[in-house]
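The values are calculated or read from the model by the stated rules, or taken from the named source; none is laboratory data. Everything numeric here is computed off the predicted structure, so don't read it as measured data. Note: ideal-geometry Cβ built from the backbone for every residue, glycine included; neighbour counts use all protein chains shown.
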Amino acid sequence: MTDPDVDLRRQDVSTAHSEGDEASLGELFGELSRGFSQLMRQEIQLAKSELREEAGKAGKAAGQLTAAAVTGHLCLLIGSLAAAWAIGEVVPIAVGLFIVAVVHGIVAAVLYSRGRSTAEDIEVVPDETIESLKEDARWAKAQPT
């Protein structure tokens, strides 16, 4: 199965060469430039299409994860109340609620500490990209004009 765009490009090239076998260098560069521009436009359209599709998938996944988080939160809340009630069978209910609150506080402190240390490791500036661009600039300056 052939791509119709490829067939059209082949026809354009064959027609240009059959009309005159001695195309000037300027015409050849113009043809090359037009072909390259068309190729870039097609690649950009393909990238846009792929990104749109992936963004839709990401939105659906975010909705599902949000629903899971809300459901998990409700589960934790009801489980905590059940644990406090069970502890309240042995000691006064206020003490049971306090014990469950202290356990949740400890878990929250540990999660906060780990999250903060992970966040400190995040590189906000893309160092490798900046270095690569600087290398490109040095290379371009070193080229004879």
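Can you name the condition, by its number, that S80 falls short on among (1) free of Cβ contacts under 8 Å to residues at least 24 places away in the same chain; (2) surrounded by 10 or more Cβ atoms within 10 Å (Cβ to Cβ); (3) under 16 Å from V103 (Cβ atoms)?
(1)
Given the options R34, R52, name the one that is part of a helix (DSSP H, G or I), surrounded by 11 or more Cβ atoms within 10 Å (Cβ to Cβ), within 41 Å of the chain's Cα centre (by Cα) and modelled with pLDDT of 85 or more.
Of R34, R52, the one residue that is part of a helix (DSSP H, G or I), surrounded by 11 or more Cβ atoms within 10 Å (Cβ to Cβ), within 41 Å of the chain's Cα centre (by Cα) and modelled with pLDDT of 85 or more is R34.
Just give me the residues in segment 92-134 being over 34 Å from the mean Cα position of the chain (by Cα) and over 20 Å from L76 (Cα atoms), in sequence order.
Within segment 92-134, just P92 meets the criteria.
Suppose the filter is assigned to a helix (DSSP H, G or I) and surrounded by 10 or more Cβ atoms within 10 Å (Cβ to Cβ); does V91 pass it?
No; evaluated as a whole, the condition is false for this residue.
Looking at this structure, is A16 surrounded by 10 or more Cβ atoms within 10 Å (Cβ to Cβ) and at pLDDT below 80?
Yes.
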